[in-house]
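Sharing a structure below in structure tokens format, with a few things to ask.
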Amino acid sequence: MVQGKTIVVKVGSSLLANAERLTPRWAFMHNLLEDLARLRESGAKVILCSSGSVALGMNMIGERPETAGLRDKQAAAACGMPLLLNGYKQVAHEYNFEIAQVLVTLRDLEDRNRFLNTKNTVDRLLVADIMPIINENDTITTQEIRVGDNDRLSAKIAQMLQADILVILTQVDGLFDRDPSEPGAQLVEELSDVSPYLAVTEGVSSLGSGGMLTKIQAAHMAQNAGCETLIAHGEYEQPVTSVLNGQRRHTRILANERPESAWANWLSDRLQMAGSIVVKAETAEAFKSGPRHIGREDVLSIQGPYVKGDVIHIYGESGSELARGLTNFSSDETMALARNPSLSAMQLLGYKTGGTLITDKNMIVLDDRHLPWDLPSGEGMTDVTRLD
């Protein structure tokens, strides 16, 4: 039964665009929206995360995905988005429902206020019985400030809306225990821990920006929020409902039975590293007892640039990631405070502040449910004791 459930469905470019002609695959679009209409009529709230605008705009600017540069992709997205949304709108009208477009950027998901504003918009559309179609705004994002794949974007949307199910449609039946092209590869039908499978999920399709790795990362983000993920092939008459009803093969990633709070999920599941700090051994040891304030005296080195309000990654001297927290200062301000412990924060920064870098209320200590990020390379990491 899907009545009352919130379901996020993600479809990739390879399902929506013909790989050779780079034209819309209308038959798939009809099958998909007919199926989503069926879900909506059953009482489910449905959100679609759709790729495809870049691929569908390539012909208009005379480029191919294999050779297109960043500016080409931005221009192609601007050309392809009206085509994609017009197609969705025309087909949705056949099945008597309305759609709306929501374009987001990395900052809309990583900045807390913008994250909540996006949530409010999507919630209002759902109240009006309009199906949101969400995509990254590829016309303005650069490589450094983009999500990069709609798999993880769909997981952030699932977290944002506290969705019950995330369905990721792709061109394979699900996650395999090795490369699906290898003899003897077996479909993994169900799992709760994605960690053992990360090493076998590195392929990327010719049209899309993600592969199975990003799908597993997305599933991990969703399960932390109490949302189960289903990964399945999209080339079926009922691409979503047949999976939900267990009528065909797929991989099911179980939701965590004790999900974290929305605040903790937002803090812990990052799409991009804004910056990081390395803390002293005694500070690292203290994290074993839970979150704690981080002051200037705890910091050994800083990797930036980052700004006040960013969530930064906190490492021990061994390189192991300990926690993530909302910083009260920019990387430049943090450096000034850490390098001058004898001077007050007021003297150094010119405004009144307590000087605590990260408070325990704005921090999540990592545990076994989190996938740690490697410590950034030495490039860009500045020792606070070095005087320039």
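Any idea which of 110, 136 is touching a Leu at 6+ places or on another chain (Cβ under 7 Å), surrounded by fewer than 23 Cβ atoms within 10 Å (Cβ to Cβ) and in the same structural domain as residue 74 (by TED's automatic domain parsing)?
Numbers: 136 fails: surrounded by fewer than 23 Cβ atoms within 10 Å (Cβ to Cβ).
Just a single option satisfies the conditions, and that option is 110.
Considering only segment 155-191, state which residues are in contact with a strand residue (DSSP E or B) (Cβ under 9 Å, 6 or more places away or on another chain), of a type in the set (S, T, N, Q) and touching a residue at least 24 places away in the same chain (Cβ under 8 Å).
Scanning segment 155-191 gives 162, 170, 171.
When residue 91 is evaluated against the numbered criteria (1) touching a helix residue (DSSP H, G or I) at 6+ places or on another chain (Cβ under 7 Å); (2) closer than 29 Å to residue 308 by Cβ; (3) at pLDDT 95 or above, which criterion, by number, is the only one it fails?
Result: residue 91 fails condition (2) only.
Sticking with this structure for a sec: How about segment 337-354: which of its residues are touching a Leu at 6+ places or on another chain (Cβ under 7 Å) and crowded, with 18+ Cβ neighbours inside 10 Å? Can you show your working first?
Of the residues in segment 337-354, the ones touching a Leu at 6+ places or on another chain (Cβ under 7 Å) are 337, 340, 345, 348.
337, 345, listed by residue number.
Follow-up question, since we're still on this one. Restricting the search to segment 299-328, which residues are within 21 Å of the chain's Cα centre (by Cα), in contact (Cβ under 8 Å) with a residue 60 or more places away in the chain and assigned to a strand (DSSP E or B)?
Residues satisfying the conditions are 311, 313, 326.
How do the helices (runs of 4 or more DSSP H) wholly within segment 213-286 filter down when requiring 2 or more residues that are over 25 Å from residue 325 (Cα atoms), in contact (Cβ under 8 Å) with a residue 40 or more places away in the chain and not assigned by TED's automatic domain parsing to the domain that holds residue 324: which remain? Give the steps one after another, and end with the answer.
Numbers: elements: 241-244, 262-268, 281-286.
Passing ranges, in order: 241-244.
Another question, then. Of the residues that make up segment 337-350, is at least one of a type in the set (Gly, Ala, Ser), assigned to a loop (DSSP other than H, G, I, E, B), without any contact (Cβ under 8 Å) to a residue 24 or more places away in the chain and at negative phi? Walk me through it before giving the result.
If we filter segment 337-350 for residues that are of a type in the set (Gly, Ala, Ser), which is where we start, we get 338, 342, 344-345, 350.
Imposing the further condition that a residue be assigned to a loop (DSSP other than H, G, I, E, B) reduces the set to 342, 344, 350.
Remaining after also requiring without any contact (Cβ under 8 Å) to a residue 24 or more places away in the chain: 342, 344, 350.
Among the residues that remain, those that are also at negative phi are: 342, 344.
Yes; the residues of segment 337-350 include at least one that is of a type in the set (Gly, Ala, Ser), assigned to a loop (DSSP other than H, G, I, E, B), without any contact (Cβ under 8 Å) to a residue 24 or more places away in the chain and at negative phi.
Restricting attention to segment 32-88, which residues are touching a Lys or Arg at 6+ places or on another chain (Cβ under 6 Å) and farther than 17 Å from residue 150 by Cβ? Spell out the reasoning first.
Going through segment 32-88, the residues touching a Lys or Arg at 6+ places or on another chain (Cβ under 6 Å) turn out to be 44, 46, 49, 54.
Listed by number, the list holds a single entry, 44.
Going through segment 262-272 one residue at a time, which ones are under 12 Å from the mean Cα position of the chain (by Cα) and of a type in the set (A, V, I, L, M)?
Taking segment 262-272 first, the residues under 12 Å from the mean Cα position of the chain (by Cα) are 265-266, 268-272.
Hit for segment 262-272 is 271, nothing else.
Please note which helices (runs of 4 or more DSSP H) are completely contained in segment 1-100 and include at least 3 residues that are farther than 18 Å from residue 170 by Cα and in contact (Cβ under 8 Å) with a residue 40 or more places away in the chain. Give the derivation first.
Details: elements: 13-16, 26-41, 53-61, 70-94.
The qualifying helices (runs of 4 or more DSSP H) are 26-41, 70-94.
Looking at 86, 59, can you tell me which residue is surrounded by fewer than 19 Cβ atoms within 10 Å (Cβ to Cβ), under 16 Å from residue 14 (Cα atoms) and of a type outside the set (D, E, K, R)?
Numbers: 86 fails: under 16 Å from residue 14 (Cα atoms).
It is 59.
The values are calculated or read from the model by the stated rules, or taken from the named source; none is laboratory data. Quick caveat, the model's predicted, so the values are computed rather than measured. Cβ sites come from the backbone with ideal geometry, for glycine too, and all protein chains shown count toward neighbours.
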